Each structure stands twice: as structure tokens, then as C-alpha cells.
Amino acid sequence: KYFVGDRNKALNAAHAKADSSLAVMKAYGNLEDQKVAYQVLSQVYEAKGDFAKALETFVQFKMLSDSLLNIERDKKVTQTAMQYEFDKKEAIAKAEQEKKDTRQATIRNSIGGGLLGALVFLFVVVRQRNRISKEKQRSEELLLNILPAEVAEELKAKGSADARHFDKATILFTDFRNFTELAEKLSPAELVEELNACFKTFDGIMQEYRVEKIKTIGDAYMAVGGVPDTQSGSPIDVVRAALTMQDFMHRHKAERESAGKSFFEMRIGIHTGSVVAGIVGVKKFQYDIWGDTVNMASRMESAGEAGKVNISEDTYEEIREVEGLSFTHRGKIAVKGKGEVNMWFVENKEHRLA
């Protein structure tokens, strides 16, 4: 109707609008609309006959769908933990009332009956307290699996968590090279198993270096140091975590290659700067970070190379004097929306000597 029957012009317009929407939604971290944009792009590519691109964008659509399902699941777990806190007071009040009733029964009954009633009551109270203690521990563990500890405590205390500004945060981004092509060679079960093996190891590395994992989106992994605990996750901690991640990927690649299996290779980008962090919304919420620092860290990843850790000039200035590290200046490299910026590859000196 709007393109007077010119199918190609209509498809090109749809393609341009979907690309533009996707870029905006990525900038704002809107996963739901990113998913829709990828779905539309897949349909446009299919209509154009570009089935490879159609499959690639459909895989992105499915990955985001899965991520959103995980977020919804985590939200339900958080709601359960919050509900427990509200129910706890009622349970304690009920236990106190049962205690009063038991005391009255003890007065009315004979010494033998009163003693028996006291013993039964004691058993009930101990069992209830043990159950409450176990449920509280389980709920808190689930809540801490979703949110940073101090944010979880703030959320439990007042039902919300305030957004905060951090002057110096170090953000880490990872992405697997040629993920879509490799995903086509694996069954869905193998793909999920391989991603889980990598991300589970990354989670352990983040904990070791006291770096806060933020989220995964498809095959991408995002973490930050210095947020929300400014005393944890310094720039060097984040860089060492990144180098440990690449060490694992190198060993994992060798194992899979020797077994004749497909393997992933990973780019890592790191940048240091100011961010805003907090929880936004009331549905499918999660702890997240925003700011130009996030965009620059993402550019460091996309401008990097597989198997390498690429850092910005700001991060380099923070760690340049640290012993045991080796730096390769890459010069000024053109970055989308930023012009030309200095970048460095960083590695452990013993690796370079080897």
C-alpha cells in the first residue's frame, strides 16, 4: 500500500527500521524489544531469500527469548523470597499464640497431662523453628543468586533499591567468535551444554576475583568490578579475571579439538569509567548498569581478537605499573561512534615468554 506494490522497497524499508530499532533497544538494554527486532529481521531476511541471515537473526531471537524466560524465573524466585519475609512475622505470631494456648492447657490439666503437653509443645516449636531457619536460608541463597548482597539486603529492608552512581567501574564484555556458524554444527542440547560449561566456569572466576556478574545475553557475558562494592573488583582484578577466562578457553579448545569436536573462541573487551547501577521496573527486573562506559567496553570487545584481552586507554593507565603483565599497543583504532581510540592487548608475561 505505502510502496505502491514495490516489494523490494517495502522489505528494504522494513529492514532499515528493524536495524534502527535494534540499535536503540541495545543502547537502552531493552531485551523484550530486541527480541522482537530480531524476529522481524529474521522474517525480512527470509522474505528477501537470505536464509543464512534469517537463521542467524532467528538464533538471536531464540537466545533472547530464553534469556527473558530465565529472567522471569529469577523474578518469581525473588518474589518467593520477599513473600517469605512477609509470612515470617505471621508465623512467629502464630507460634506465640500456640505457646499461650499450651500454657493454659498445662494449668487446667493434671501435672502429668501438663508435662506431656509441654513436651509436645516443645517438639512442635523446635521443629517449626528449624523449618523456618532452613526456609530462610534457602530463600536468602536464592535471592543472593539474583542480586548483589548489599542490594538484596536493601531490597528486603525497604522493598526497593536506589540507583547509585559509581565514579570508577571496570566493565568486562565477552563474545564468542562465529557463534552462529558454530551453533549450526551442534545439536540444541550440545549447544546449551557447551554454553553452560563456559558460563559456569566464568561465574566461578568472577567469584574468585570478587567481580560482579551482571548478565548473559545469548552468547555474550557481562561483568563489572567496583560495583556495588567499591572495595572489590579493582581494574587489575577484572583484567586478571579476563586472563583466567582466556586461559580456560585455550585449554577447553585444545580438549575439544583433540576429541574432534567443534570449539568456541572468545573475544574480551575491558574499559574503566563511571556508571549508574540499580534495579529498574517492577516486572522481570534485574540489577543492571548503564552509561557510556558500558558502550565503550562493548566496543573494546568487538574491536578485539579471539583469544585476546583488549583494553582501553583508561584501563591501561590503571594497571600499566602492575608487575607480571605484558602490553601490546595496538595504536589508534576506529570505533563506531567514538572516532579513533587507543587500545592495548594485555597478557601475562610468562605466556609471552612461552
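Working from label points 7 Å from Cα in the Cα-to-Cβ sense, the Lys338 to Ile92 distance is 5.0 nm. Scanning residues 5 or more positions from Ser232 or on other chains, those with amide H under 5 Å from its amide H are Gly226, with H placed 1.01 Å from N in the peptide plane.
For the range 15-78, what class follows from the C-alpha gyration tensor (a ≥ b ≥ c being the square roots of its eigenvalues): rounded when a/c is under 1.5, otherwise prolate if a/b is larger than b/c, else oblate? Cα axes put the range 15-78 in the oblate bin.
What the Cβ-Cβ distance of Thr230 and Arg73 gives, at R0 = 30 Å and to the nearest 0.05, is a FRET efficiency of 0.50. Classified by the C-alpha gyration tensor, the range 216-347 has an oblate form. Its axis ratio a/c, with a ≥ b ≥ c, is 1.5 or above, and a/b does not exceed b/c.
Using the 1.4 Å probe convention, the accessible area of the range 239-354 works out to 50 Å² per residue with neighbouring protein chains retained.
Want the number for Phe51 to Ala16: 0.36 nm per residue separation, take away the alpha-carbon distance, what's left? Display every interim value, and only then the final one.
On the way: separation 35, 0.36 × 35 = 12.60 nm, distance 1.78 nm.
Answer, rounded to one decimal: 10.8 nm.
Take each peptide in 169-181, 329-341, count the other Cβ atoms within 10 Å of every residue, and average; sorted highest first, the result is 169-181, 329-341. Once backbone amide H atoms are built at 1.01 Å from N, Val309 has Val346 as its partners under 5 Å, excluding neighbours fewer than 5 places away on the same chain. A cut-off of 5 Å between modelled amide H atoms, ignoring neighbours fewer than 5 places along the same chain, links Ala169 with Gly273, Ser274, Val275. Shown in residue order for the range 21-33 are the 3J(HN,Hα) couplings computed by the Karplus curve 6.51 cos²θ - 1.76 cosθ + 1.60 at θ = phi - 60°: 4, 4, 4, 5, 5, 5, 4, 8, x, 7, 5, 4, 6 Hz (x for Gly and Pro).
With the cut-off at 20 Å, tell me which of the pairs Lys76/Lys215; Lys53/Lys338; Lys26/Lys336; Lys17/Lys338; Lys185/Lys261 have Cα atoms farther apart than that. Write out the running numbers ahead of the final one.
On the way: Lys76/Lys215 17 Å; Lys53/Lys338 27 Å; Lys26/Lys336 14 Å; Lys17/Lys338 23 Å; Lys185/Lys261 10 Å.
Violating the 20 Å Cα-Cα cut-off are Lys53/Lys338; Lys17/Lys338.
Report the Cα centroid-to-centroid distance between the range 159-191 and the range 301-317 in angstrom, as an integer. The range 159-191 and the range 301-317 have Cα centres separated by 16 Å. As a rough guide to protection, the peptides 232-245, 47-60 ranked by mean Cβ packing within 10 Å, highest first, stand as 232-245, 47-60.
The values are calculated or read from the model by the stated rules, or taken from the named source; none is laboratory data. Everything numeric here is computed off the predicted structure, so don't read it as measured data. Glycine gets a Cβ as well: all are built from the backbone with ideal geometry, and neighbour counts include every protein chain shown. Surface areas here come from the heavy atoms of the whole protein model, side chains and all, with no ligands, DNA or RNA. Shrake-Rupley method; radii C 1.70, N 1.55, O 1.52, S 1.80 Å.
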